[in-house]
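Visitor: Quick one: this structure, given as structure tokens, is what I'll be asking you about.
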Amino acid sequence: MDSRIVVYDEPIEAALRKLEGLLHAGYTVSTRAIALLLLQGDSQVDRLVREREPDVYTEIAETVRTTQAKYGQPLAYVIARARQEAARRIASATVSSPDVARRDFGQRLSRLMINPFTGVPLLVLALAGLYYLVGVIGAGIIVDFLQDTLFGAYVNPWSVRIAEAIIPWQVLRDLFVGDYGIVTLGLTYAFAIVLPIVGTFFIAFSIIEDSGYLPRLALLIDGAFKRIGLSGRAVIPIVLGFGCDTMATIVTRTQETRRERVITTLLLALAIPCAAQLGVIFGILSASMGALLIWGGVVFLVFLTIGYLASRIVPGRRASFFMELPPLRLPRIGNIFTKTYTRMQWYFMEVLPFFIIASVILWLGELTGAFQWLLGALEPLMHLLGLPAEAATVFVYGFFRRDFGAAGLYDLYTTGAIAGIAVVVAAVVLTLFIPCIAQFAVMLKERGVKTALAIALFIFPFAFFVGYLLNLVLRATGVQL
């Protein structure tokens, strides 16, 4: 019986024996350890062996290559899985748990989550729960109460009366309570529309995160992500993007290669709606399941298509992927509260000021005529998309913040200015539209000026092109929404 703690598959063991026989120089660790690092693609050890074993290095490299060819996964992943299994075997033989039934249930559920046949339905179930909490409760019940009852009946009318009483100049009153006023637009959007949607999303995300589901989701979609040049590790920034794309762009630092970081940044900027944007779109399109499916289908198709093309164009090496799975557990109320509180604090500190700044900029734009000029310049694009001229304001808002633009779309929808096919087209274009100022600034910092500008210059015309095609197809086929 082999006394070693970890025994690998025979092809790997055979390669280890051969490599140990070829390694003759002195090393500070065993030749088996060096051989394992060579198989795992450790660049420093590879360079060390090349320097110390020049006569046999070609044979060593060939052994590594032929061994890798026998596996569909990177050897680093295969070796890590073997070690993980050995650790599990040791733990199960030495550690006892008083609640065996719960542990066994958790293990069975974990296997179901990472098996494609059962994991995908479970993912759909999780997304349905997210949709209900964010789209129905957050964007529906809570937003209706805050926007119509609290702000519509009390806060905004009171603000207008106070401004009329203490500010004698109409221009200055408009800064606070005009069409683009800090109170009537900025704070109304921030507190009455975006805050409940972001809050319910943060609660849902904290529950999912604390349960241990995210690493299992990464394993589930690793195979699919490899088709678009990513690994399962990319699920972390992608999922975080549904909270805030700016924060998710920073989190791309955790990815192994620059190639992965560039592709993920592109997809975050293009096809991942942030929490508020997603929630508002859910709230608008939830009245028609067909509209919601068309929007989701188009955005998902764009995500896969652009990801696939980027994986063929962006240079660089592919990343390997392995991830330790923490145990599943029932989310803890204290953890959910702490995570949600921290993220809400971030919202008030980082996001809320943007709504106020955007209101001031829009007020200045209206005062100087620059805003009207910009809306006029966008009007021909709106006609090409089959949208009313008022929809141009949505995209101007969206440049300041994605959630600001989504709130503007919600405003047009609730007043009846936009409906039917136009709503779906506007929702798709707004989702694919160029990143907001905050996300673009982070892209400049993380990816550099050249890459950030290339991404933005690609996304702007592409978003409108997709909207133009979608409008043509829906109207040509006579779709009724």
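The values are calculated or read from the model by the stated rules, or taken from the named source; none is laboratory data. Small disclaimer: the values here were computed from a predicted structure and weren't measured. All Cβ positions, even for glycine, are placed from backbone atoms using ideal geometry, and neighbour counts span all protein chains on display.
Visitor: Could you please let me know if residue 74 is exposed (fewer than 15 other Cβ atoms within 10 Å of the Cβ) and not assigned by TED's automatic domain parsing to the domain that holds residue 230?
Guide: no
Visitor: For residues that are in a helix (DSSP H, G or I), of a type in the set (A, V, I, L, M), out of contact with any Leu (no Cβ under 9 Å at 6 or more places or on another chain) and in contact (Cβ under 8 Å) with a residue 24 or more places away in the chain, tally how many sit in segment 455-481.
Guide: Here the count works out to 1.
Visitor: Would you list the helices (runs of 4 or more DSSP H) that sit entirely within segment 1-62 and hold 2 or more residues that are of a type outside the set (Gly, Ala, Ser) and farther than 17 Å from residue 75 by Cβ?
Guide: 43-52
Visitor: Let me ask you something else. Regarding residue 278, is this residue touching a residue at least 12 places away in the same chain (Cβ under 8 Å) and buried (at least 24 other Cβ atoms within 10 Å of the Cβ)?
Guide: Yes, satisfied.
Visitor: Show me the helices (runs of 4 or more DSSP H) found entirely inside segment 210-272 where at least 3 residues are touching a residue at least 60 places away in the same chain (Cβ under 8 Å) and over 23 Å from residue 430 (Cα atoms).
Guide: Output list reads 213-226.
Visitor: Please state which of the following conditions residue 419 fails to meet, knowing it meets all the rest: (1) more than 19 Å from residue 465 (Cβ to Cβ); (2) of a type outside the set (Phe, Trp, Tyr); (3) part of a helix (DSSP H, G or I).
Guide: Unmet for residue 419, out of (1) more than 19 Å from residue 465 (Cβ to Cβ); (2) of a type outside the set (Phe, Trp, Tyr); (3) part of a helix (DSSP H, G or I): (3).
Visitor: For segment 153-205, name all the residues that are touching a Phe, Trp or Tyr at 6+ places or on another chain (Cβ under 8 Å) and part of a loop (DSSP other than H, G, I, E, B).
Guide: Residues satisfying the conditions are 167, 178, 180, 181.
Visitor: Within segment 378-433, take every residue that is over 26 Å from the mean Cα position of the chain (by Cα) and of a type in the set (D, E, K, R) and give me the one that is nearest to residue 188 (Cα to Cα).
Guide: 390
Visitor: Of the residues that make up segment 455-471, is at least one in the same structural domain as residue 292 (by TED's automatic domain parsing), of a type in the set (A, V, I, L, M, F, W, C), over 14 Å from residue 270 (Cβ atoms) and at pLDDT 90 or above?
Guide: yes
Visitor: Would you be able to tell me the number of residues in segment 103-122 that are touching a residue at least 40 places away in the same chain (Cβ under 8 Å) and either crowded, with 17+ Cβ neighbours inside 10 Å or in contact with a Gly (Cβ under 6 Å, 6 or more places away or on another chain) (or both)?
Guide: Within segment 103-122, residues that are touching a residue at least 40 places away in the same chain (Cβ under 8 Å) and either crowded, with 17+ Cβ neighbours inside 10 Å or in contact with a Gly (Cβ under 6 Å, 6 or more places away or on another chain) (or both) number 4.
Visitor: Is there any pair linking a residue in segment 165-177 that is closer than 19 Å to residue 154 by Cβ and not assigned by TED's automatic domain parsing to the domain that holds residue 363 to one that is outside any helix (DSSP H, G or I) and hydroxyl-bearing (Ser, Thr, Tyr), with Cβ under 9 Å and at least six apart or on different chains, and which?
Guide: none
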